[in-house]
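Undergrad: Here you go, one structure.
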Amino acid sequence: MLSPRYHREIPQRYRLEAGKCTGCGKIHFPPRSVCKECGGRAFEMEKLPSKGKVLTCTTVEIPPAEFDDQKPYVNAIVELENGVRLTCMVAEAPPDEVDVGTEVELVFRRLRCGREWEVLQYGYKAVVV
Amino acid sequence: MHGIVGWGSYVPRFRIKVEDIAGQWGADAAAFKRGLLLEEKTVPGLDEDTITISVAAARYAIARAGIDPKDIGCCYIGSESHPYAVKPSGTVVIDAIGAGPDCHVADFEFACKAGAEAMYVAYSHVKSGEMKYGLGIGADTSQGAPGDALEYTASAGGSAFIMGADNVAAEIVHTYSFTSDTPDFWRREGEFYPRHAGRFTGDPAYFHHVGSATNGILERSGMKPEDFRFAVFHMPNGKFPLRAGKKAGFTREQMEQGWVVNLMGNTYSGSSPTGLASCLDVAKPGDNILVTSFGSGAGSDSFIIRCTDRVTEIQDKAPKVRDQLAKGRIHLDYGKYVAYRGKIRMNQL
């Protein structure tokens, strides 16, 4: 990922900052320019809760090359306490510890190392509570 | 009154036992366990580094302090394993915790005492009235060459301390530093693993500096070892801090709560700060704590800390050190361990 895009996405990736439509109250994560519910274009920042449950998940046995050292790992759609859903990797836990309904918390982790000359990329992952 | 308004520690889940390292190199595990007084050490996950450890510890410190991160005026991170050679770890950390951009940021390095340095400078800023709150962090994912004695101890973890003048949970009553040019341990630019001078790291380095700093702060404060409930000395292994403490007049009972090295290893810049955090986790109002760090090269920073009524109010607002050490451990074998620590060369992507 290029530095400008990485920099632009820091609020959502580091601090879980979502966009709440001031017209209808719909919370968008990642933030959008136009509300998909009402078409509104005005948003206020809404910080998402860090706790939630696994809505669904899958085990990745054959990952892209740069994640090969982490296989097998779980990718999950997590439903947070306020109902917002997001997709993320589940860190640390062996696949048999993660299932639908597993309680998780979003934590700050290194997402990608890239090559030695590239910027390190950080953001959220889930861990089993 | 100035001092600690919030503290937090982060302990990675992964561990490797002394037996698994010794078994790889045909060494006598029992002799190492006896010599180092160590059972196992922490290992950072594949997605963890000094920055992620610092963020986790800082978030816990903020939870205990109950402050707006925007009021943090400085962020200093002491480590000898900053992920970047050029780009401060603190820049990522302040954005992750919601501090800044009105914040002074710097990365510190002084072998194992860089964390205590970060605390010292953050505390000094607050004491001078320069800012409302200051954040000092000690965190490391320490390096030890395969087969070297350091490999049995070099571990991962860290602690963060928010300094302030309001709602102080533990007042910093005295500070004292003792420093000299003592080349006991070093790593030159471009080298992957540090080097050490064997036994020279003992008496002329660790014991001379830890003892001098401890005696110095006791003299200046007029306090005696029996005035303290807890004492923490930098933990390069299990034996050194117990010997240094005993020599200074402290009992094993005073040192036990902060002596986390037997289950954690040497977290370098995170070592004595995490020992302090472990004491704060269970301290009572009025308890005095003595902390003496050590950084090779060499120097020691000593602190005398006195807990206030607030300390017990915020202890349960974040995970405690010993709970993290006990729960959810995942033990790695040596093969997995070297992969996690990047000690084997893989195919280029």
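Any read-out appearing in this document is the output of simple, stated calculations on the displayed coordinates, not a laboratory observation. For clarity, every value in this text was computed on a predicted model and none was experimentally measured. Every residue, glycine among them, receives a Cβ derived from its backbone with ideal geometry; neighbour counts consider all protein chains shown.
Undergrad: Averaging sequence separations of C-alpha pairs under 8 Å and six or more residues apart, then dividing by the length of the stretch B:79-187, give the relative contact order as a whole percent.
TA: 22 percent
Undergrad: If Lys and Arg each add +1 and Asp and Glu each add -1, what is the summed charge of the other residues whose beta carbon sits under 15 Å from the beta carbon of B:Ser142? If you can, show how the numbers build up before the last one.
TA: Values: positive: B:Arg15, B:Lys41, B:Lys113, B:Arg187, B:Arg195, B:Arg341, B:Lys343; negative: B:Glu40, B:Glu48, B:Asp49, B:Glu80, B:Glu109, B:Asp140, B:Asp148, B:Glu151, B:Glu191.
Net charge around B:Ser142: -2.
Undergrad: Any idea how far the Cα center of the stretch A:60-116 sits from the one of the stretch B:271-349, in Å?
TA: 26 Å
Undergrad: Also, I was wondering about something else. Would you mind working out the magnitude of the charge dipole of the stretch B:184-276 relative to its Cα centre, with +1 at each Lys and Arg C-beta and -1 at each Asp and Glu C-beta, to the nearest 20 Debye? Show your work: numbers first, answer last.
TA: Working: 12 positive and 9 negative charges, 37 e Å.
It works out to roughly 180 debye.
Undergrad: At a threshold of 8 angstrom on Cα-Cα distance, excluding pairs fewer than six apart, so keeping six or more, what relative contact order does chain B reach in percent? Let's see the in-between values first.
TA: On the way: 901 pairs, mean separation 86.5, N = 349.
25 percent.
Undergrad: So, one more: When the Debye formula is applied to the Cα atoms of the stretch A:49-129, each taken as the same point scatterer, what base-10 log of I(q)/I(0) results at q = 0.10 Å⁻¹?
TA: Here log10 of I(q) over I(0) equals -0.24.
Undergrad: Now a separate question. So, by mean Cβ neighbours within 10 angstrom, what's the order for B:154-160, A:43-49 with the highest one leading? Display every interim value, and only then the final one.
TA: Values: B:154-160: 31.9, A:43-49: 15.0.
Most protected by this proxy first, the peptides run B:154-160, A:43-49.
Undergrad: Going out from 0 in 10 Å bins, what whole percent of all Cα-Cα distances in the protein assembly as shown drops into each bin?
TA: Over the protein assembly as shown, the share of Cα pairs per 10 Å bin runs 4, 20, 31, 26, 14, 4, 1, 0 percent.
Undergrad: Assign one of three labels to the stretch B:297-347, namely rounded, prolate or oblate, based on the Cα gyration tensor with a ≥ b ≥ c the square roots of its eigenvalues; rounded applies when a/c is under 1.5, prolate when it is not and a/b is larger than b/c, and oblate otherwise.
TA: Values: a/c = 4.27, a/b = 1.73, b/c = 2.47.
Judged from the Cα gyration tensor, the stretch B:297-347 comes out oblate (a/c at least 1.5, b/c at or above a/b).
Undergrad: Please give the peptides B:86-95, B:307-316 ranked by average Cβ packing (other Cβ atoms within 10 Å per residue), highest first, as a rough proxy for protection. If you can, show how the numbers build up before the last one.
TA: Values: B:86-95: 21.0, B:307-316: 16.8.
Highest to lowest by the protection proxy: B:86-95, B:307-316.
Undergrad: Also, quick follow-up: Pick out, from B:Tyr340, A:His28, B:Ile53, the residue whose Cα sits farthest towards the positive end of the charge dipole of the protein assembly as shown, with +1 on the Cβ of Lys and Arg and -1 on the Cβ of Asp and Glu.
TA: A:His28
Undergrad: Straight-line reach from B:Lys17: which lysines have Cα under 29 Å away, leaving out those fewer than 8 places along the same chain?
TA: By straight Cα distance, B:Lys17 reaches A:Lys71, A:Lys125, B:Lys33, B:Lys41, B:Lys113, B:Lys239, B:Lys246, B:Lys320, B:Lys327, B:Lys336, B:Lys343.
Undergrad: Note down the magnitude of the dipole of chain A about its Cα centre, charges +1 on Lys and Arg C-beta and -1 on Asp and Glu C-beta and zero elsewhere, to the nearest 20 debye. Show your work: numbers first, answer last.
TA: Details: 19 positive and 19 negative charges, 157 e Å.
It works out to roughly 760 debye.
Undergrad: Provide the net charge surrounding A:Asp69, with neighbours chosen by a C-beta distance below 11 Å and charges set as Lys +1, Arg +1, Asp -1, Glu -1. Intermediate results must be reported in sequence, preceding the final value.
TA: Values: positive: A:Lys71, B:Lys336; negative: A:Glu66, A:Asp68, B:Asp47.
Taking every Cβ under 11 Å from that of A:Asp69, the sum is -1.
Undergrad: Can I ask one more? Can you give the calculated 222 nm mean residue ellipticity of chain B, where each DSSP H run of n ≥ 4 adds -39,500 (n - 2.57) and the sum is split over every residue, rounded to the nearest 500 deg cm²/dmol? All intermediate terms of the calculation are to be shown ahead of the outcome.
TA: On the way: 13 runs with 117 residues, N = 349.
Estimated from H runs of four or more residues: -9500 deg cm²/dmol.
Undergrad: Now a separate question. Other chains near B:48-55: what is the mean number of their Cβ atoms within 10 Å of each residue's Cβ? Before the final figure, lay out the partial values.
TA: Details: counts 6, 5, 0, 5, 7, 1, 1, 5.
For peptide B:48-55, the averaged partner shielding equals 4.
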